[in-house]
Amino acid sequence: MSTLEKAKLIAVQKDAPDIDFMFNPNQLKFSRQLNLNAAEGARTDQGLNKVSFANPSPCKLTISDIIFDTYESGGSVLTHIEKFEKAVSFAESGPGAKKRPPVYIFTWGKQQYLRCFVESLDYSLTMFLADGTPVRAKVSVSLKEVDESFSKPGMDAPKSIDRQGGGRSSK
């Protein structure tokens, strides 16, 4: 019998905390787009603009309705939300301090999905104790792919991440 693996965002550098999901997502939504350059005035025999292919956009991963629940412990769920809030701010330390957001690897079990930054965060507080302490939240994030050069401006980043001792290799 295998153990339940939790989804997580592992910080590439120690400029941000890792983010462990309390409950696994029920859906991962990926999107990618190919950028084109339409030549104005240049047309095909059918009258369509001639098109040249520019480049693919970075992959975007949207994870909706991630649940965090601290009702049983009675503590505030905001301690979990704070990690996501730090992820949509500039890094506080390290080579990217005050220049870029933290870079993460989104993993779930042995599957490494994306080297990314948190592009957007939405959350709702959905349950409260009698004293107003929020104890349940629903979080949605959009993650945008970055290449290895993003984590160390002007330098090649390491090919592997071994912060967890697992020797995870990036794409």
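The values are calculated or read from the model by the stated rules, or taken from the named source; none is laboratory data. Since this is a predicted model, take the numbers as computed values, not measurements. No Cβ is skipped: glycine too gets one built from the backbone with ideal geometry, and neighbour counts run over all protein chains shown.
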Quick one: K86 ticks every box in (1) of a type in the set (D, E, K, R); (2) more than 18 Å from the chain's Cα centre (by Cα); (3) surrounded by 13 or more Cβ atoms within 10 Å (Cβ to Cβ) except a single one, so which number is it?
(2)
The stretch 68-79, subset β-branched (V, I, T) and buried (at least 18 other Cβ atoms within 10 Å of the Cβ), residue farthest from the chain's Cα centre (by Cα)
T70
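Let's see how each residue does on (1) surrounded by 16 or more Cβ atoms within 10 Å (Cβ to Cβ); (2) assigned to a strand (DSSP E or B); (3) more than 18 Å from the chain's Cα centre (by Cα); (4) of a type outside the set (K, R):
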site: I66; (1), (2), (3), (4): yes, yes, no, yes
site: I81; (1), (2), (3), (4): yes, no, no, yes
site: G96; (1), (2), (3), (4): yes, no, no, yes
site: G132; (1), (2), (3), (4): no, no, yes, yes
What number of residues within the stretch 8-42 are assigned to a strand (DSSP E or B) and either closer than 30 Å to P95 by Cβ or at pLDDT 85 or above (or both)?
11
Which count do you get for residues in the stretch 1-37 that are surrounded by 15 or more Cβ atoms within 10 Å (Cβ to Cβ) and farther than 23 Å from V103 by Cβ?
0
When A91 is evaluated against the numbered criteria (1) of a type in the set (A, V, I, L, M); (2) surrounded by 12 or more Cβ atoms within 10 Å (Cβ to Cβ); (3) within 27 Å of V135 (Cβ to Cβ), which criterion, by number, is the only one it fails?
(3)
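Residue by residue, here is whether (1) within 23 Å of Q27 (Cα to Cα); (2) modelled with pLDDT of 95 or more; (3) not hydroxyl-bearing (S, T, Y) holds:
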residue	(1), (2), (3)
P102	no, no, yes
V139	yes, yes, yes
S151	no, no, no
D156	no, no, yes
Of all the residues that make up the stretch 118-130, how many are loosely packed, with under 13 Cβ neighbours inside 10 Å, of a type in the set (A, V, I, L, M) and either in contact (Cβ under 8 Å) with a residue 24 or more places away in the chain or in a strand (DSSP E or B) (or both)?
0
Condition check for E40: in contact with a Gly (Cβ under 6 Å, 6 or more places away or on another chain) and either over 20 Å from K144 (Cβ atoms) or among the aromatic types (F, W, Y) (or both)
no
For the subset of the stretch 43-60 comprising residues that are over 27 Å from the mean Cα position of the chain (by Cα) and surrounded by 11 or more Cβ atoms within 10 Å (Cβ to Cβ), which member is farthest from E92 (Cα to Cα)?
R43
I'd like to verify a number: residues in the stretch 86-106 that are in contact with a strand residue (DSSP E or B) (Cβ under 7 Å, 6 or more places away or on another chain) and not small (G, A, S), how many?
7
Checking E92 against (1) in contact (Cβ under 8 Å) with a residue 40 or more places away in the chain; (2) closer than 26 Å to K14 by Cβ; (3) within 17 Å of the chain's Cα centre (by Cα), which test does it fail?
(3)
